[in-house]
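The structure appears right after this line, and notes come after that.
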Amino acid sequence: MPILDTTLPAPKQALDDLAFFGGRPAFPEPLHVGRPNIGNREKFLTRVNDTLDRKWLTNDGRYVIQFEKRLAELTGVKHCLAMCNATIALEIVIRALGLKGQVILPSFTFIATAHVLQWQDITPVFCDIDPRTHTIDPEKVEALITPETTGILAVNLWGWHCDIAALEEIARRRGLKLLFDSAHALGCSYKDRMIGGFGDAEVFSFHATKFVNSLEGGAVLTNDDELARKTRLMRNFGFVAYDQVASIGTNGKMSEVSAAMGLTNLESIDEFIAINRRNHKQYAAELAGLKGITVLSNDDQKKRNYQYVVLEIDAAETIVSRDELMQILYRENILARRYFYPGCHRMAPYNSYLSSLSLPQTEKVSERVLSLPTGTSISPADISTICGVIRMVVNNGREVSAKLRSQAATST
Ligand code: T4K
């Protein structure tokens with residue numbers, strides 16, 4: 001009897017080979033969206049050892065300063081302030097900008113974008129998105145401005161850019177601050193400039209799941225000297241010198257080990273982008289022509305990091321819904337994610353007082369998107385296997401849907 005090699009993907013020939021219907025999962029171990037990319041391990045460990053030898057672990061250490069300098073060079077921005085994560089970075093810069101009252105933001109984003117406002121008793125005012133770019137729709141912003149509005153917090157989601165020129169024009173004309181949550185957008189451009197230097201400030205994330213990570217980490221970037229000064233103070237309790245505090249502050253500092261990881265990974269940024277681009281291209285090629293499935297792309301952007309592979313699923317065409325497809329993929333150990341379903345306005349605490357708010361494009365898009373695994377942990381063979389499962393499900397949409405219904409009926 002042949003020995004079953006459980007390390008190889010299980011080929012699927014018939015619907016009963018799908019794990020959902022009793023077959024062996026395509027992968028023996030889970031494939032995650034957000035597996036960290038890890039650069040030169042030796043260089044990282046050398047830096048960690050150096051940190052330990054020098055006994056300087058945090059508070060504007062050598063590697064934090066180098067990391068900030070590298071990011072400022074990469075983006076062409078005057079000031080870069082590294083932080084312990086992007087959420088704290090957003091909170092600090094929001095305070096340094098003096099935002100209060102109401103701030104307009106998209107609902108189609110990670111929940112942190114809303115929480116950083118609410119955490120400081122600023123009311124998040126959710127705006128609908130442009131379904132083509134998944135970013136805040138400038139045409140809908142203006143109607144949401146009230147005498148209480150102090151700013152716009154736009155999100156360069158997936159690393160795609162907002163309509164930055166339109167947002168800048170509205171902010172200038174209406175006297176509002178403009179902040180970008182660019183957690184996803186390191187290495188991406190808008191027109192001829194790198195994202196990082198637009199609006200009053202921008203914030204990057206270097207969380208483990210971002211394509212360049214510093215374990216945990218974030219950064220505020222700005223060309224505004226005064227804003228940088230205030231943000232720097234707030235990052236370190238408001239200290240200007242030992243025993244001397246000039247303002248309210250918190251602890252947003254990045255540690256040396258995080259900066260060592262961030263610096264090491266930045267040295268591999270081109271390689272990470274090349275792998276992400278290759279993966280994206282392969283997904284697009286292998287899923288091309290599949291009815292109801294689109295691999296999204298922002299082709300008008302000169303520089304992109306391709307860190308998210310996002311499908312849009314039109315269930316009227318695929319018959320199998322996005323959630324059904326996701327469940328089928330899960331059973332195959334392909335842990336696809338429906339980022340950023342269901343939209344912040346449908347999550348606590350916002351849903352408790354915004355139950356009647358309708359954001360039709362946000363709701364439509366969040367019902368249709370599915371993010372697939374990418375990055376350095378995924379091989380071309382893995383992508384072929386993932387695409388093979390998706391093709392099998394979609395090409396047999398009616399039959400799969402009927403089987404799902406009959407399986408659900410027998411299990412109840
Ligand atoms: N603004 C936006 C637009 C954001 O997307 C985010 C974060 C922020 C602001 C705030 O940035 P930070 O404060 O985090 O710097 C993940 C990340 O936790 C989150 O950082 C990210 N956005 C969001 C889009 O995705 P989840 O809910 O997917 O769960 P998590 O972190 O457990 O990771 C997902 C998967 O990644 C895991 O199932 C397995 C894999 N993973 C994760 C970690 C941490 C690994 O393989 N290794 C790891 O070390 O949020």
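Any read-out appearing in this document is the output of simple, stated calculations on the displayed coordinates, not a laboratory observation. Note that the structure is a prediction, hence the values are computed from the model and not measured. Positions of Cβ are backbone-derived with ideal geometry, glycine not excepted, and every protein chain shown enters the neighbour counts.
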message = Using the Cα centre of the chain as the reference point, and only Cβ charges (+1 on K/R, -1 on D/E), how large is the resulting charge dipole? Debye, rounded to the nearest 20.
response = 300
ask   = Counting pairs of alpha carbon atoms under 8 Å apart in space and at least six apart in sequence, what relative contact order in percent does the range 334-386 give?
value = 51
query = Packing-wise, with mean Cβ within 10 Å as the measure, how do 152-163, 391-402 rank, highest first?
reply = 152-163, 391-402
ask   = Using bins 20 angstrom wide from zero, how does P(r) for the chain break down, in % of all Cα pairs?
value = 26, 53, 20, 1
ask   = Under a 5 Å amide H to amide H cut-off, with H placed in plane at 1.01 Å, what residues pair with T149 once short-range neighbours are removed?
value = Q102
key: Percent antiparallel among DSSP beta bridges (both partners in the chain, rounded to 5)   = 55
request  = Can you check what the net charge comes to around G23, using other residues whose Cβ is under 14 Å from the Cβ of G23 (Lys, Arg +1; Asp, Glu -1)?
outcome  = +1
query = So which of K43/K302; K210/K302; K291/K403; K210/K230; K78/K303; K177/K303 end up more than 23 Å apart by C-alpha?
reply = K43/K302; K210/K230; K177/K303
Antiparallel DSSP beta bridges within the range 41-266, as percent of all bridges there, nearest 5 = 50
request  = Taking the dipole about the Cα centre of the chain, with the C-beta of Lys and Arg at +1 and of Asp and Glu at -1, give me whichever of F206, L57, I145 is farthest to the positive side.
outcome  = L57
inquiry  = Using the Karplus curve 6.51 cos²θ - 1.76 cosθ + 1.60 with θ = phi - 60°, what ³J(HN,Hα) values do you get for each residue of the range 35-42, in whole Hz, with x for Gly and Pro?
reply    = 4, x, 8, 10, x, 5, 4, 4
ask   = If Lys and Arg each add +1 and Asp and Glu each add -1, what is the summed charge of the other residues whose beta carbon sits under 11 Å from the beta carbon of D130?
value = -2
message = Counting only other residues whose beta carbon sits under 10 Å from that of G397, what net charge do I get with K and R as +1, D and E as -1?
response = -1
remark   = The answer for trypsin sites (Lys or Arg not before Pro) in the range 278-349 that fall in a DSSP coil and have at most 12 neighbouring Cβ atoms within 10 Å is K291, K302
remark   = Note, the range 56-66: 3J(HN,Hα) by Karplus (6.51, -1.76, 1.60, θ = phi - 60°), whole Hz, Gly/Pro = x, goes 10, 9, 7, 6, 6, x, 4, 6, 4, 5, 5
query = Loop-only check: which trypsin sites (Lys or Arg not before Pro) in the range 25-122 are DSSP coil with at most 12 other Cβ within 10 angstrom?
reply = K55
request  = Taking amide H positions as placed in the peptide plane 1.01 Å from N, state which residues far from S371 in sequence (5 or more) or on other chains have amide H under 5 Å from it.
outcome  = L311, R337, R338, Y339
remark   = The extension gain from K100 to L57, computed as 0.36 nm times the residue separation minus the Cα-Cα distance, is 12.0 nm
Reach of K55 by Cα under 20 Å, taken over aspartates and glutamates that are not fewer than 8 positions away in the same chain = E42, E256
task = Rank by packing, highest mean first: peptides 266-274, 234-242, with packing defined as the count of other Cβ atoms within 10 Å averaged across residues.
result = 266-274, 234-242
note = Measuring from its Cα centre, the range 41-266 shows a charge dipole (+1 at each Lys and Arg Cβ, -1 at each Asp and Glu Cβ) which, in debye to the nearest 20, is 580
query = Can you run phi through the Karplus equation (6.51, -1.76, 1.60; θ = phi - 60°) for the range 348-363 and list ³J(HN,Hα) in whole Hz, with x for Gly and Pro?
reply = 5, x, 5, 5, 6, 10, 10, 4, 9, 5, 10, 10, x, 6, 4, 5
ask   = Taking 0.36 nm per intervening residue step and subtracting the Cα-Cα distance, what contour gain separates T294 from R173 on full extension?
value = 39.8 nm
key: Calculated [θ] (222 nm, deg cm²/dmol) that DSSP helices of n ≥ 4 give over the chain, each run adding -39,500 (n - 2.57)   = -11500 deg cm²/dmol
query = How many nm separate the modelled label positions at L15 and W119, each set 7 Å beyond the Cα in the direction of the Cβ?
reply = 4.7
note = Placing +1 on each Lys and Arg Cβ and -1 on each Asp and Glu Cβ in the chain, then taking the dipole about the Cα centre, the residue among A89, P342, S355 whose Cα reaches farthest towards the positive end is A89
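Which whole-number percentage describes the relative contact order of the chain, with Cα contacts under 8 Å and a sequence gap of 6 or more? List each step's numbers first, then the result.
Numbers: 825 pairs, mean separation 89.0, N = 412.
Relative contact order here is 22 percent.
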inquiry  = Which GluC sites (Glu not before Pro) in the range 69-152 sit in a loop by DSSP (not H, G, I, E or B) and have at most 12 other Cβ atoms within 10 Å of their own Cβ?
reply    = E148
task = Identify, among G98, I328, L263, the residue whose Cα sits farthest towards the positive end of the charge dipole of the chain, taking +1 on the Cβ of Lys and Arg and -1 on the Cβ of Asp and Glu, with the dipole about the Cα centre.
result = L263
